[in-house]
Amino acid sequence: MTPTRQEALALWKQYNESESLFAHALSVEAVMRHFAGIYAPDEVERWGVIGLIHDLDYEKYPQEHCRMTEKILQENGWPEKDIRAVLSHGYGLCTDVEPVEDIEKVLYTIDELTGLVAATALMRPSKSVLDLEPKSVKKKWKQKGFAAGVDREIIAKGAERLGMSIDDVIRETILGMRTVAEEIGLKGNTEA
């Protein structure tokens, strides 16, 4: 059985202190929960936990990303299907675990995209995801120098795996991130 959110959060905090990495974990968790509402309404909690824990090893073991997460999750008795889902987000980069299940395809697709959405929101006068529209993200998508660390090719491949347009994936990602806008520092000031 998938560990609870509290258990996942406690484990995450054993290996991480970075506030920006925590904001990313919360963003991915929220977007995973949002997409679970579309793909697997009875698995919202599991999808959220997978999103929260996906970068468990990144702060302490960036050179062994995903490999250390696999080891840590195994040592903590996590189910193999959950470990596989987590590992799939590194497909082609640091793992050979191909995203096949919907949960894996979504995680693979939106992991990078949450960074682009956050960076775009911070460029707005409101500094908020609450009034961010997909067209603004799409405009920044085309500027290769903007959020250059975001691998747009992975997002595009992921959207294709999901059978969704990039615009739709961006829209759903924004909607998911809006649910945690305050916790991730993107509530901003929409009165601006």
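All of the numbers you see were taken from the coordinates with simple rules; none came from a lab. The shown structure was predicted, so the numbers you read here are calculated from the model rather than taken from an experiment. Cβ placement follows ideal geometry from the backbone for every residue including glycine, while neighbour counts extend to all protein chains displayed.
Considering only region 112-171, state which residues are in contact with a helix residue (DSSP H, G or I) (Cβ under 7 Å, 6 or more places away or on another chain), small (G, A, S), in a loop (DSSP other than H, G, I, E, B) and in contact (Cβ under 8 Å) with a residue 40 or more places away in the chain. The one that is in contact with a helix residue (DSSP H, G or I) (Cβ under 7 Å, 6 or more places away or on another chain), small (G, A, S), in a loop (DSSP other than H, G, I, E, B) and in contact (Cβ under 8 Å) with a residue 40 or more places away in the chain: S128. Restricted to region 68-85, and to residues there that are in contact (Cβ under 8 Å) with a residue 12 or more places away in the chain and either touching a Cys at 6+ places or on another chain (Cβ under 7 Å) or among the polar types (S, T, N, Q) (or both), the residue that is surrounded by the fewest Cβ atoms within 10 Å (Cβ to Cβ) is N76.
Yes/no matrix, rows are residues, columns are (1) over 23 Å from K187 (Cα atoms); (2) surrounded by fewer than 14 Cβ atoms within 10 Å (Cβ to Cβ); (3) in contact with a Lys or Arg (Cβ under 6 Å, 6 or more places away or on another chain):
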{"site": "D55", "(1), (2), (3)": "yes, no, no"}
{"site": "L87", "(1), (2), (3)": "yes, no, no"}
{"site": "P99", "(1), (2), (3)": "yes, no, yes"}
{"site": "K139", "(1), (2), (3)": "no, yes, no"}
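For region 54-96, what are the residues that are within 20 Å of I154 (Cα to Cα) and either part of a helix (DSSP H, G or I) or among the β-branched types (V, I, T) (or both)? P62, Q63, E64, R67, R84, A85, V86, L87, S88, H89, G90, T95 - these are the residues of region 54-96 that are within 20 Å of I154 (Cα to Cα) and either part of a helix (DSSP H, G or I) or among the β-branched types (V, I, T) (or both). In the set K127, K157, K142, only one residue is farther than 18 Å from G51 by Cβ, of a type outside the set (A, V, I, L, M) and under 18 Å from the mean Cα position of the chain (by Cα); that residue is K157. Restricting to region 2-41, and then to whatever is aliphatic (A, V, I, L, M) and more than 21 Å from V106 (Cβ to Cβ), can you tell me which residue is surrounded by the fewest Cβ atoms within 10 Å (Cβ to Cβ)? Ranking the candidates gives A10 first. Listed by first and then second residue, the pairs with beta-carbon distance under 6 Å, at least 6 apart or on different chains, first residue in region 1-25 and farther than 20 Å from E182 by Cβ and in contact (Cβ under 8 Å) with a residue 60 or more places away in the chain, second assigned to a helix (DSSP H, G or I) and not hydrophobic (A, V, I, L, M, F, W, C), are T2/R46; T2/D82. Looking at the structure I just gave you, is I50 in contact with a helix residue (DSSP H, G or I) (Cβ under 8 Å, 6 or more places away or on another chain), assigned to a helix (DSSP H, G or I), closer than 18 Å to N16 by Cα and of a type in the set (V, I, T)? Taking the combined requirement at face value, the residue satisfies it. Scanning region 39-96 for residues that are in contact with a strand residue (DSSP E or B) (Cβ under 9 Å, 6 or more places away or on another chain) and among the hydrophobic types (A, V, I, L, M, F, W, C), which turns out nearest to G163 (Cα to Cα)? Checking each candidate, the answer is L87. Considered as a group, the residues in region 42-53 that are of a type in the set (A, V, I, L, M) and touching a residue at least 12 places away in the same chain (Cβ under 8 Å) include one that is surrounded by the fewest Cβ atoms within 10 Å (Cβ to Cβ), and that residue is L52.
Of the listed requirements (1) buried (at least 22 other Cβ atoms within 10 Å of the Cβ); (2) in contact with a strand residue (DSSP E or B) (Cβ under 7 Å, 6 or more places away or on another chain); (3) not hydrophobic (A, V, I, L, M, F, W, C), T114 misses just one: (2).
Might you let me know whether region 28-42 holds any residue that is under 16 Å from the mean Cα position of the chain (by Cα) and either in a loop (DSSP other than H, G, I, E, B) or over 17 Å from T173 (Cα atoms) (or both)? Taking every residue of region 28-42 in turn, none turns out to be under 16 Å from the mean Cα position of the chain (by Cα) and either in a loop (DSSP other than H, G, I, E, B) or over 17 Å from T173 (Cα atoms) (or both).
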